[in-house]
Structures are given as structure tokens and as C-alpha cells.
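In what follows, a structure is listed as C-alpha cells, so that the remarks can point back to it.
The values are calculated or read from the model by the stated rules, or taken from the named source; none is laboratory data. On a predicted model such as this, the values are computed, not experimentally measured, just so you know. Neighbour counts are summed over all protein chains in view; Cβ atoms, including those assigned to glycine, are modelled from backbone coordinates with ideal geometry. Protein only, heavy atoms only, side chains kept; ligands, DNA and RNA dropped before computing areas. Shrake-Rupley method; radii C 1.70, N 1.55, O 1.52, S 1.80 Å.
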Amino acid sequence: MHPDTGEVIPMPFRMSFFLPANLPISAGMVLFGNTVPSQLFWQWMNQSYNAGMNFANRNATVAVSTKEILTSYVSATAVACGAAFGLGLVAKRSARWPIPSAAKTLFQRTVPFIAVASAGSFNAVAMRY
């Protein structure tokens, strides 16, 4: 039950369901996120789920318009996809950097994490604003 509205929070958006819902999304990012389109898809999936979670568990004592919710969703998703796309391009160019290959690999492997962390933070602020 939502503490402000008294409405039942749908099962996928309950805090107790966060881990089971995120496992397939996280697995998709790790296993299938090796191309730009797949990175964008999995970032979109992740941020869409996070937006739903943040909205379902929002502070409902303050009225929020549909326009504000959509603006927050679109901007949070754009940050995630932009970070994944931009950092993906930088990671591809890192092959020419004069640094050890282990450092290049580490950088390339952290791109999804950096995109998720930055967008997740932005999503929480945007959806709960």
C-alpha cells in the first residue's frame, strides 16, 4: 500500500520486487550490450523500469501533472541513452590510446556502469522532484 494514497502499488514496482525485476535487465546490459543499438535498448529498459519504480513510490502529497512526469521520464531516459552512446564512442576510440590494454578493457567494461549510475541518479531526482 502506498503510504500517501492508500492505493496498492503494483507488484513489479514494489521495493521488494526491485531485485527480481532488475536481474533480467542487468543481465541484458552485461550479456547483450556490446553494440550501440543494444546498449541504447537496455539503457531505455533500465530507465523505464526505474522511472516506474520511482513514480510508484513517489511522494504523493504533492500533485504532479502528466506533463511533468513525461518530461522527467524523457529527460532521464535521454541522459541514460546519451551517456551510453557517448561513452560507447569514447570506448571505441580508446583502442588508439597509448595506455596499457588492461586499462582500455577496464574503461570499456565500466561504460554501462557509468551510464547506469549517472542516469539512475538523474532519474531519481527527476521522477521524485
Considering only residues that are open to solvent by less than 70 Å² (accessible area, probe 1.4 Å) and touching a Lys or Arg at 6+ places or on another chain (Cβ under 7 Å), which ones fall in the range 87-126? Ser94, Ala95
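Can you find a residue that is at pLDDT 75 or above, under 11 Å from the mean Cα position of the chain (by Cα), of a type in the set (Gly, Ala, Ser) and within 25 Å of Met1 (Cα to Cα) anywhere in the range 40-49?
Looking for residues that are at pLDDT 75 or above, under 11 Å from the mean Cα position of the chain (by Cα), of a type in the set (Gly, Ala, Ser) and within 25 Å of Met1 (Cα to Cα), one finds at least one in the range 40-49, hence yes.
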Considering the range 26-47, residues that are of a type in the set (Gly, Ala, Ser) and open to solvent by 30 Å² or more (accessible area, probe 1.4 Å), and then whichever is nearest to Ile9 (Cα to Cα), we arrive at Ser26
Take the conditions modelled with pLDDT under 85 and either assigned to a helix (DSSP H, G or I) or loosely packed, with under 11 Cβ neighbours inside 10 Å (or both) and apply them to Pro3. Does it pass? yes
Test Ala51 against the stated conditions and say whether it is in a helix (DSSP H, G or I), within 22 Å of Thr66 (Cβ to Cβ), touching a residue at least 24 places away in the same chain (Cβ under 8 Å) and in contact with a Phe, Trp or Tyr (Cβ under 7 Å, 6 or more places away or on another chain). yes
Under 9 Å by Cβ, and 6 or more places apart or on different chains, what pairs join a residue from the range 79-106 that is in contact (Cβ under 8 Å) with a residue 40 or more places away in the chain and in a helix (DSSP H, G or I) with one that is open to solvent by 90 Å² or more (accessible area, probe 1.4 Å) and not small (Gly, Ala, Ser)? Ala80/Trp44; Cys81/Trp44
Looking across the range 58-86 at residues that are at pLDDT below 80 and open to solvent by 40 Å² or more (accessible area, probe 1.4 Å), the single one that is nearest to the chain's Cα centre (by Cα) is Arg58
